[in-house]
Amino acid sequence: MTRAPLWLSAPSRFAGLPVNRARWVLAGVFFLLLGALTVLFVPLPAPSATGAGADRQSDVALYDSIVAAVAHGEDYYRSAAAALRAGSYPLRPFLTFRMPALAVVQGALPPLAIVALLYALGAATAWCWYRRIAEALPRWPARVVALLLLAAGMLAFVQSGLVAFHEIWAGLLVALSLALRRPGRWVEAAAIGALAMLIRETAALYVVIMAVLAFAEGHKREAAGWAAALGLFAVALGAHAVAVHGVTGPLDAMSPGWAGMNGFGLFVRAMTLATGVQLLPPAIAAILVALALFGWASWRDPLALRALATFCGYALVISLFARLDTFYWGLIIAPAFLVGLAFVPDALRDLWVRARDKRRVVVTQVAR
């Protein structure tokens, strides 16, 4: 007999599992927690990890200087190349240059308008996620907790000092796209996903995941829509590569590459530093990051499937390719990540009950 949900409007994904499978999942959760604790052994990035000197300007200052140059009428690519050289940043390959869209827009608008636009995007993202969360969590205490978790995930995204940081905008757009997508309604989500890619190319992984899931579920028109967004991005990326080639040469510094192979612990660090759990002791923060993934796996909803696939996709990429100093890739998925913790009480209860189920079917023979 399935027990009534604690917080969710419907039983979790684990409520109907067979006993043996529930025990395997419980063991998997245990190893997930152990894997998260490997963050305690991931080294901190060295000051010269990117090849720059000790007096290198910060990334935010770099982007601010490029925006200022564009605002004064200078060409984006020449301005970016000059700023990268001045800051001792690598200029090759072309991916070391950010896509021009954000800097061009910010250079054309007053600073206050840019900050207002960031806050408006953050508010729209939070509102759309609240509407989706409310469908799964009918009781107000659970909704309050989920909103607090959403706020903790969005702390970095409402800081006006980071307005020139590309991951801030791309992360909000990815979160908004994910919240807007529903079965049969995907056009707005795909369009917003395309905007996210034009700001930060690492958002392309999210769009690929959405396209694959739509195709796997038989939504061919939706899959074609996400593929069209990827096609648009590919054209823009090609033009970007050509433009970068025009302002760089063989003597410019080369990036050390993106083959960090730092493991799951670096993903845990990325999500810790990108969200409010950075205020907690590292071991507790690591456990919460792992439980958030587990929580997303427990919600039986198309949104949860897409969120979990997106988070796992970025977890894999960060674990394999991110360097110690590129942990900020986690900002792309940070806004809604911690909301998964709101699903954990039901998930753990259902999983524990199913794993401990000792009921047996007794067959009796009646003599006539």
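Where a number appears in this text, it was derived from the coordinates with a stated rule and is not lab data. Just so it is clear, the structure is predicted and the values come from calculations on it, not from any experiment. For neighbour counting, all protein chains shown are included, and Cβ atoms are generated from backbone atoms with ideal geometry for every residue, glycine included.
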- line: In whole percents, the bins of 5 Å from zero upward hold the Cα-Cα pairs of the stretch 165-248 as 3, 16, 26, 22, 16, 9, 5, 2, 1, 0
query: In degrees between 0 and 90, to the nearest 10, how far off the longest principal axis of the chain does helix 140-153 point, with axes built from Cα atoms?
result: 30 degrees
- prompt: Which values of log₁₀ I(q)/I(0), to two decimal places, follow from the Debye formula for the stretch 209-282 at q = 0.20 Å⁻¹ with a uniform point scatterer at every Cα?
  reply: -0.91
message: Helix 264-274 against the longest principal axis of the chain: what's the angle in degrees, Cα atoms only, rounded to the nearest 10?
response: 70 degrees
task: Using Cα pairs closer than 8 Å and at least 6 residues apart in sequence, work out the relative contact order for the stretch 91-191, in percent.
output: 31 percent
message: Over the chain, what is the relative contact order in percent, taking alpha-carbon pairs closer than 8 angstrom and at least six residues apart?
response: 29 percent
statement: Taking the dipole of the chain about the Cα centre (Lys, Arg +1; Asp, Glu -1; charges at Cβ), the one of F321, A4, F294 that reaches farthest to the positive side is A4
field: Radius 15 Å from Cβ of A179, net charge of other residues (Lys, Arg +1; Asp, Glu -1)
entry: +3
message: For the chain, set up a GNM with springs between Cα atoms under 10 Å and report which of F30, F165, F343 has the largest fluctuation.
response: F30
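For the peptides 247-255, 142-150, what is the packing order when you average, over each peptide's residues, the other Cβ atoms within 10 Å and list the highest mean first?
On the way: 247-255: 13.4, 142-150: 19.1.
Per-residue Cβ counts within 10 Å, averaged per peptide and sorted highest first, yield 142-150, 247-255.
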message: Counting C-alpha atoms alone, how compact is the stretch 170-218: give Rg to one decimal and Dmax as a whole number, in angstrom.
response: 10.1, 30
message: Explain nothing, just the number: dipole magnitude of the chain about its Cα centre with +1 on each Lys and Arg Cβ and -1 on each Asp and Glu Cβ, in debye rounded to the nearest 20.
response: 1980 debye
query: Considering the Cα trace of the stretch 160-300, what is its radius of gyration and what is Dmax, both in angstroms?
result: 18.0, 54
query: Helix 204-216 versus the longest principal axis of the chain: what is the Cα-based angle in degrees, 0 to 90, to the nearest 10?
result: 40 degrees
- prompt: What order do you get for W352, W140, W329 when you list them from fewest to most C-beta neighbours inside 10 Å?
  reply: W140, W352, W329
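In square nanometres, what is the average projected area of the Cα convex hull of the stretch 53-146? Before the final figure, lay out the partial values.
Numbers: hull surface 36.2 nm².
Over all viewing directions, the stretch 53-146 projects a mean Cα-hull area of 9.1 nm².
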message: Report D for the chain in µm² per second (integer): Stokes-Einstein, Kirkwood Rh on Cα pairs, 25 °C, 0.890 mPa s.
response: 111 µm²/s
